[in-house]
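Let me begin by presenting the structure, written as structure tokens, before commenting on it.
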Amino acid sequence: MTDFDLTYTLILMVVVFATIMGSVAYLTFAERKISAWVQDRVGPNRVGPWGLLQVAADGLKFFLKEDIIPKHVDRVFYFLAPGVGVATALLAFSIVPFGPSTPPPAPVAVNSERSLDTAVMLHEAEMKAYREQTTFALAPGLDIGILFAFAIGSLVVYGIILGGWSSNSKYSLLGSLRSSAQIISYEIPLGMSVLGIFLFAGSVNLEKILDYQIHHGWFILYQPLGFLLFMVSVYAECNRLPFDLPEAEQELVGGFHTEYGAMKLGLMLMVDYIHMITTSFFMAIIFFGGWHFPGLSNIDGTWGLVVKFLVLGAKVLFFLLLYLVVRWTIPRFKFDQLMALAWQVMIPLAIVNLLCVMIVKEYQLTPWILTVTSVVIFLAAAVISTREKLTVIQRPVTVAHAG
Amino acid sequence: MSAKTVRWIEEPKMGMFERMYLPAIAQGIATTVRHILKPQVKTEGYPEQEPKLPANYRGVHRLNRDDEGRVRCVACYMCATACPAHCIDIVAAPAPEGWKDREKYPETFVIDELRCIYCGMCEEACPVDAIELTTLYDLTGLSREEMIFDKEKLLSVWDQTTKAGTDPVRTKGGHYGPAAELPSGS
């Protein structure tokens, strides 16, 4: 039902919203539990069986806490910031096809074989068939597709910057400044890492990208380097641990949300988790074929639907768990390191990778060449960085002779 | 500090393997995942799982009874003297008729469990092994008065701990220790 049907859309919105919020809640629980296991602790186990109701207790706590608003804040933006953050983070999810999807039909194409009339007729027939399908996305067939998600996703940073600035506190401001330093670093490799895929799929529409992979194989096979760059950028976008500079509890108290309390803090914390879910979907759909899995995608009927949901869910769950595991593996970057990584390593790699894709497309070569070039580019970057003279200032080495 | 004592240390140069970062990250993730799959949790789930304390744990005091169920204490005040926190208060009285083995017994014997620092010096000082520290650790009360243990309460701790088997009788029954065995009249 791609025909705009208000009731269906509203029901879908409520269901999606509830699912995301539930997932966010249990993501925080999983985070606490996995943190505990990694650190050889027990983790929350008091509320409900195995602590499963802990999320209810946490949520209730946020609602019931006294809502303290410091006197020195800029009240308008202070109240606006969490709303901006959560609203934009949720909005970015609207284009995600979270279930089985069909690509929208190609635009009207006129060539020597068919006249305009037949082309239009064919197109309308295709559109009619497409509209009669049940779609699992809030905004199915959106032509700007993932660009919309990038644009809206970047607006989340406005929530962080507004919150940090309006808090009128040094720690908050430092956090939001770091956030702005971060966004000019990761946004560019984030966009450039998937450019090659747009070239291949010929569209930025997620359903079409997915459809391309069903016929030609997952993009992780041809664009492993692109995936690596995308994943690193996305970790930075979610403010997850190797790049959680704006929060940096050990350095900035609470970072941009230092002055927030009660549910407003809850919303601030929710933003990261919503973002994690959205970006996990992107990684699964753009690089790992979404609901497609060899041998499992030809089942028809209700069971096929269920299997596709499960396949996509499993892929998303994998990336969500990877987020949690990486958090306890890699220490935080300093922000000069993050900028150096983004500008000196990731952007050049993305450009070279894109160049390879363009060459392959131009000369109609087999895409498997890109698998090789990805590895070669990566190794070459490692070799170059070892040869570089990284220390500019050479200090004299004098060894003291003790005694 | 002269320039000679200064020692400049250069960072070790990273090779290509380290420069790639990914192998190191993979190693790190493997370590993390190993911990998730096999959590080496050492935590005791306290209210459900009681801790196993060593027999010489210094918890709540008890006043020991002898074979006839009488209090062993001979009211010598040595524990009260030894106590660094001054939490033991004894009022001695002449032993009742029929208690042939001693002259005095404690009319009252009060320990303020809030002042006590659980050092165990009373136990060491006691010549007749009448006071002992048990492995009772979960001592709680709703008021300060509740935490001042009198003779009956301390004797009931003995009853409780010997019956439960957590702190069995450590001294031989009927044997009062060296002080009680001094030859009479010497």
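Read the figures in this text as sums done on the coordinates, not as results from a lab. Everything numeric here is computed off the predicted structure, so don't read it as measured data. Note: ideal-geometry Cβ built from the backbone for every residue, glycine included; neighbour counts use all protein chains shown.
Normalising the average separation of contacting C-alpha pairs (under 8 angstrom, six or more residues apart) by the number of residues puts the relative contact order of the range A:121-223 at 28 percent. Note on chain A: with a GNM built from Cα contacts shorter than 10 Å, the maximum mean-square fluctuation among A:G226, A:G48, A:G202 falls on A:G48. Listed by Cβ neighbour count within 10 Å, with the fewest neighbours leading, B:K163, B:K151, A:K33 appear as B:K163, B:K151, A:K33.
Using alpha carbons only, how many angstrom separate the centre of the range B:14-70 from the centre of the range A:258-288? One Cα centre to the other: 33 Å.
Among A:D300, A:D244, the ranking by other beta carbons within 10 Å of each residue's beta carbon, starting with the fewest, stands as A:D300, A:D244. Among residues other than B:F149 with Cβ under 13 Å from its Cβ, the summed charge is -2 (Lys and Arg +1, Asp and Glu -1).
Ordering A:T88, A:T371 by the number of other Cβ atoms within 10 Å of each residue's own Cβ, fewest first, gives A:T371, A:T88.
The region of chain A that goes longest without hitting one of the GluC sites (Glu not before Pro) in a DSSP loop, each with at most 14 other Cβ atoms within 10 Å, is A:133-387.
Normalised by the number of residues in the range A:281-375, the mean separation of alpha-carbon contacts (under 8 Å, six or more apart) gives a relative contact order of 18 percent. Positive contributions from Lys and Arg (+1) and negative ones from Asp and Glu (-1), summed over other residues with Cβ under 12 Å from the Cβ of A:S35, come out at +2.
Other residues with beta-carbon under 15 Å from the beta-carbon of A:K61 carry, at +1 per Lys or Arg and -1 per Asp or Glu, a net charge of +1. Charged side chains reduced to their Cβ positions (Lys and Arg at +1, Asp and Glu at -1) give the protein assembly as shown a dipole of some 1480 debye around its Cα centre. For the protein assembly as shown, the 222 nm mean residue ellipticity estimated from helices alone, with every DSSP H stretch of n ≥ 4 adding -39500 (n - 2.57) and the total spread over all residues, rounds to -16500 deg cm²/dmol. Given DSSP loops and a limit of at most 10 other Cβ atoms within 10 Å, what is the longest stretch of chain A that contains no such chymotrypsin sites (Phe, Trp or Tyr not before Pro)? For chymotrypsin sites (Phe, Trp or Tyr not before Pro) (loop position, at most 10 other Cβ atoms within 10 Å), the longest site-free span of chain A is A:5-362. Taken residue by residue and averaged, Cβ atoms of other chains lying within 10 Å of the Cβ of A:34-40 number 5. Between the Cα long axis of helix B:22-37 and the first principal axis of chain B there is an angle of about 30°, rounded to the nearest 10. When you restrict to C-alpha pairs under 8 Å that are six or more residues apart and normalise by the size of chain B, the relative contact order lands at 23 percent. Globularity index of the range A:2-41 is 1.87 (Cα radius of gyration / 2.2 N^0.38 Å, N = number of residues).
Label zone (B:H86, point 7 Å along Cα-to-C-beta; backbone nitrogen cut-off 14 Å) within the range B:115-135: B:115-116. Could you work out how far the C-alpha centroid of the range A:326-367 sits from that of the range A:191-209, in angstrom? Measuring centre to centre over Cα atoms gives 16 Å. GNM remark for chain A: springs join alpha carbons under 10 Å apart, and the peak mean-square fluctuation among A:Q337, A:Q54, A:Q250 falls on A:Q250. Treating each Cα of the protein assembly as shown as one equal point scatterer and applying the Debye formula with no solvent, the log10 of I(q)/I(0) at q = 0.06, 0.12 Å⁻¹ comes out as -0.54, -1.20. Among the listed pairs B:K100/B:K163; A:K208/A:K361; B:K52/B:K151; A:K264/A:K334; A:K334/B:K42; B:K42/B:K153, a Cα-Cα separation exceeding 24 Å is found for B:K100/B:K163; B:K52/B:K151; A:K264/A:K334; A:K334/B:K42; B:K42/B:K153.
Of the candidates A:L116, A:L305, A:L60, which one comes out as most mobile in a Gaussian network treatment of chain A with C-alpha springs shorter than 10 Å? With Cα springs under 10 Å in chain A, the top fluctuation among A:L116, A:L305, A:L60 is at A:L116. For the range B:61-171, the spherically averaged projection of the C-alpha convex hull amounts to 6.8 nm².
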